[in-house]
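The values are calculated or read from the model by the stated rules, or taken from the named source; none is laboratory data. Quick caveat: nothing in here was measured; it's all calculated off a predicted structure. Reconstructed Cβ throughout: ideal geometry from the backbone, glycine too, with neighbour counts over all protein chains shown. For the accessible areas, the whole protein counts, side chains as well, though only heavy atoms, and no ligand, DNA or RNA atoms are used. Shrake-Rupley method; radii C 1.70, N 1.55, O 1.52, S 1.80 Å.
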Amino acid sequence: MATFRGTQMSTKHAGSCLCGEVRFEIEGEFERFYLCHCGRCRKDTGSAHAANLFSSTAALQWISGKHKVRQFDLPSTRHGKCFCSTCGSALPMVQMNGKLLVVPAGSLDSEVRIRPDAHLFVASKASWDDALDQVPSFDGFP
Ligand SMILES: [Zn+2]
Ligand SMILES: [Zn+2]
């Protein structure tokens, strides 16, 4: 029996930065989705944790604004990030000599269908990053 592997291969994800100058497409599937609470990810995102999707097979294509994309690699570490030089938004990054594509989940405009696999480096999480699901929630501003 034939399988419809081709259907899965053609999955496309679209993303962009906040100012809209940078647009990209990703063709393929994500294999892992991690929320990293380490000090570097907290500093780099300005938030409680990074939320990154990982793929060893998906292909990244810049649709517009490629010249606006900057990469920062923290010396003597494997920590790096790509961002828009106009608005600072986090953008996808290719790591390990092209073997691994890392995509900040918040940079995607299309729906992310996989759930996070795990929280990482929770030993380093912020002092206020605890039982956040018990904090009052509003649909918009209170
Ligand atoms: Zn931008
Ligand atoms: Zn981290």
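Some observations on this one:
- Heavy atoms of the protein chains alone define the surface here; on that basis the chain has 68 Å² accessible area per residue at 1.4 Å probe size.
- Simple rule: put +1 on each Lys or Arg Cβ and -1 on each Asp or Glu Cβ in segment 51-115, find the dipole, and look at 87, 67, 56; the Cα lying farthest toward the positive end is 56.
- The Rg/Rh ratio of segment 28-68, with both radii computed over alpha carbons and Rh defined as the Kirkwood radius, is 1.09.
- Structural size metrics of the chain, computed from C-alpha coordinates, are Rg and Dmax of 16.5, 56 Å.
- Across the chain, the longest piece that holds none of the chymotrypsin sites (Phe, Trp or Tyr not before Pro) lying in DSSP loops with up to 11 other C-beta atoms within 10 Å covers 5-127.
- Selection of trypsin sites (Lys or Arg not before Pro), segment 37-108, meeting DSSP coil and at most 10 other Cβ within 10 Å: 78, 99
- Fraction of accessible area attributable to carbon and sulfur, segment 11-91 (%, probe 1.4 Å): 48 percent
- The count of lysine pairs in segment 1-110 that are at least 8 places apart or cross chains, and whose C-alpha atoms lie under 17 Å apart, stands at 4.
- Only DSSP H runs of four or more residues enter the estimate; each adds -39500 (n - 2.57), and after division by the residues of the chain the mean residue ellipticity at 222 nm equals -2000 deg cm²/dmol.
- The chain, dipole about Cα centre (Lys/Arg Cβ +1, Asp/Glu Cβ -1), debye to the nearest 20: 500 debye
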